[in-house]
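Report on one structure; see the data block that follows.
The values are calculated or read from the model by the stated rules, or taken from the named source; none is laboratory data. Computed from a prediction, not measured in an experiment: that's the story for all the values here. Counting neighbours? That spans all protein chains shown, and the Cβs are built from the backbone with ideal geometry, glycine included. For accessibility, only protein heavy atoms count, side chains too; no ligands or nucleic acids. Shrake-Rupley method; radii C 1.70, N 1.55, O 1.52, S 1.80 Å.
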Amino acid sequence: MEKYILLYGDKKKEDNICITNMFEKTREINLGWTDFDYKNNIKVIDEEIKNGTKQIIFSGLEIGWDKLVEYLYEKNIKVKVICNTQDSLLYYEYERNNFFRLLELSKEGKIENIAFLRKGQYEVYKNLGYKCSYLMENYILKGEKRKSIQNNEKENEQKGNKLINIGIYPLKYTWDKNIFNQLCIGKMIDNSNINYNELDERMTDFLNTMEIKSTIDKIENINEDELINKVTKNDINISLSFTEYFHPVFFISMEQGIPCIIGNTSDLFDDNEILNKYLVTKAEDNPIENSKMVCECLKNKEIVIEEYKKWKEEYNKKAKENIEQFLEI
């Protein structure tokens with residue numbers, strides 16, 4: 001295998017949680033807004049080339065990184081890019097401009113391979129003639145990161161019933177994160193409390209107006225340790241984006257033994273009936289149905305976690321082989 005380095009920026013910090021976990025050799029560089037950023041990035045690249053790096057992988061094609069691709073092409077260094085957007089996100093001008101530039105550089109032969117994190121997207125662009133691969137998203141919790149989970153259910157002093165803590169931690173305040181449909185779930189579950197990442201005051205206004213019991217649980221810095229500390233407070237977590245290619249909240253929660261329900265936005269589980277039944281909603285915008293899923297998942301928590309462990313053991317092997325194949329292309 002040729003010596004490689006994966007370069008990433010700080011534009012999409014939630015992506016970085018997974019991508020730096022998946023690849024052993026990574027390094028952060030600047031977004032290419034200015035000449036200073038470009039020169040700093042070239043300095044990093046030259047240093048890597050001097051140390052024998054034969055291929056450079058970019059986590060996305062962020063602003064200004066197209067110039068780095070062209071520089072590497074002239075240096076005869078293999079370039080690969082992991083696509084960090086989806087067609088649905090081309091609604092945003094930043095995403096659209098960078099994605100079209102990615103395709104243009106691929107057509108020009110300056111990018112050796114584009115890795116897509118969703119099968120459907122990979123198949124579409126492969127059929128269009130682009131040199132691309134399907135890369136399996138993953139996250140493996142390191143032993144030292146694992147927390148000792150105590151019983152998260154707390155006694156409700158007024159009613160004497162156990163309080164169900166539900167975690168909702170969107171990492172961006174955008175339409176595709178489906179925030180308000182998720183917050184509504186707490187209205188449908190008796191004796192529940194929503195612990196949530198307040199990204200905007202409108203979230204709190206909404207919860208107060210709907211009279212949903214809730215607690216602000218703000219994420220100050222988006223990183224692995226912060227998410228671990230948040231998700232382990234809860235009996236169950238919810239991450240129901242409308243569109244997604246990385247699922248850091250889901251993986252971190254499940255790896256810690258806390259169930260997490262996701263939208264129908266992944267290529268996980270294949271034909272695993274148990275995990276699909278209890279963890280994957282087919283109606284991200286239906287809080288009534290999703291509240292029922294939460295209750296059913298909690299009733300079958302032990303079954304779900306044990307099934308996940310068995311599934312994840314095999315998935316980790318496949319994902320490792322998948323990354324090795326991508327590096328060897």
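In this structure the amide hydrogen of Asn237, modeled in the peptide plane, comes within under 5 Å of the amide hydrogens of Gly167, Cys260, Ile261, none closer than 5 places in sequence on its chain.
Is the range 1-145 rounded, prolate or oblate when judged by the Cα gyration tensor, a ≥ b ≥ c being the square roots of its eigenvalues, rounded requiring a/c under 1.5 and prolate requiring a/b larger than b/c? All intermediate terms of the calculation are to be shown ahead of the outcome.
Numbers: a/c = 1.32, a/b = 1.07, b/c = 1.23.
Since a/c stays below 1.5, the shape of the range 1-145 is classed as rounded.
Can you tell me the 0 to 90 degree angle between the C-alpha axis of helix 287-299 and the longest principal axis of the chain, rounded to 10? Once rounded, the angle reads 80 degrees.
Volume of the convex hull of the range 1-53 (Cα atoms only), normalised per residue: 64 Å³. Counting protein heavy atoms only, the range 216-314 has 45 percent of its accessible area on carbon and sulfur, 1.4 angstrom probe.
What percentage of all Cα-Cα pairs in the range 8-84 are separated by more than 16 Å?
Cα-Cα pairs in the range 8-84 separated by more than 16 Å: 47 percent.
Normalised per residue, the accessible area of the range 185-286 is 40 Å², obtained with a 1.4 Å probe and no contribution from ligands, DNA or RNA. Between the alpha-carbon centres of the range 258-329 and the range 183-226 there is a gap of 23 Å. In terms of accessible area, using a 1.4 Å probe and ignoring ligands and nucleic acids, Asp235, Asp285 rank largest first as Asp285, Asp235.
What's the local net charge at Tyr91, with K and R +1, D and E -1, over the other residues with C-beta under 15 Å away?
Summing Lys/Arg as +1 and Asp/Glu as -1 gives -2.
Each Lys and Arg adds +1 at its Cβ and each Asp and Glu adds -1 at its Cβ; summed about the Cα centre, the chain shows a dipole of about 480 debye. Counting only DSSP H runs of at least 4 residues, each contributing -39500 (n - 2.57), and dividing by the residue count of the chain, the helix-based mean residue ellipticity at 222 nm comes to -13000 deg cm²/dmol.
Seen from Tyr38, the other residues with C-beta closer than 13 Å to its C-beta sum to a net charge of -3, counting Lys and Arg as +1 and Asp and Glu as -1. In the chain, the longest principal axis of the Cα atoms and the axis of helix 301-328 are about 0 degrees apart. Ordering Phe58, Cys295, Ile166 by the projection of their Cα atoms onto the charge dipole of the chain, which places +1 on the Cβ of Lys and Arg and -1 on the Cβ of Asp and Glu, puts Phe58 at the extreme positive end.
In the chain, the longest principal axis of the Cα atoms and the axis of helix 65-74 are about 30 degrees apart. Count Lys and Arg as plus one, Asp and Glu as minus one, and take only other residues whose Cβ is under 14 Å from that of Ile219; the net charge is then -2. Over the chain, Cα pairs under 8 Å with separation of 6+ residues give a relative contact order of 15 percent. Here the chain carries DSSP beta bridges of which approximately 5% are antiparallel, counting only pairs with both residues inside. The residues of the range 39-123 have, on average, 45 Å² of accessible surface per residue, using a 1.4 Å probe with all protein chains present.
With only Lys, Arg, Asp and Glu charged, each at its Cβ (+1 for the first two, -1 for the last two), find how big the charge dipole of the range 30-99 is about the Cα centre; round to the nearest 20 debye.
Working: 9 positive and 12 negative charges, 72 e Å.
Using Cβ point charges on Lys, Arg, Asp and Glu, the range 30-99 gives about 340 debye.
For Kirkwood radius over Cα pairs in Å, the value calculated from this model appears in (i) 22.0; (ii) 20.1; (iii) 21.1 under label (iii).
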